1. List, please: which pairs have Cβ atoms under 7 Å, are six or more places apart or on different chains, and start with a residue in the stretch 24-53 that is in contact (Cβ under 8 Å) with a residue 24 or more places away in the chain and at negative phi and end with one that is surrounded by 10 or more Cβ atoms within 10 Å (Cβ to Cβ) and hydroxyl-bearing (Ser, Thr, Tyr)?
2. Of all residues in the stretch 64-98, count the ones that are part of a loop (DSSP other than H, G, I, E, B), within 23 Å of GLU41 (Cβ to Cβ) and under 20 Å from the mean Cα position of the chain (by Cα).
3. Determine which single condition SER7 fails, assuming it passes every other condition in (1) surrounded by 10 or more Cβ atoms within 10 Å (Cβ to Cβ); (2) without any contact (Cβ under 8 Å) to a residue 12 or more places away in the chain.
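Read-outs throughout are calculated quantities, based only on the coordinates presented, and are distinct from any laboratory measurement. None of these values were measured; they are calculated from a predicted model. Glycine gets a Cβ as well: all are built from the backbone with ideal geometry, and neighbour counts include every protein chain shown.
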Amino acid sequence: MGQLPKSKIEQLKREKREAKAAKKRKVATRERIVRFLIVCEGERTEPNYFRDLVKDRYSEVRSEEIVGEGRSTCSLVKKTEEIKDRLEHQRQLKFDRV
């Protein structure tokens, strides 16, 4: 009876390790849901941009409400804070990004 060549033995050991690694339990495989609040200055251009972005076939957006405020920058920041506080209070969920 002859022995297997050393390269064949190493290949069998490698295959066995890979098979064992594939059987291990996967940890934290659920995708994390990230909540965004986007408020924009324009009434038409920016809302249209975000609507098209949501319709993109690669988008995984679950729900959206897109409304242009048509405000200056300072008043937009104040309005954004109001919207954020109101929505977080209603839904009991915080936004990850504003």
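1. What qualifies is VAL39/THR80.
2. 6
3. The one condition SER7 does not meet is (1).
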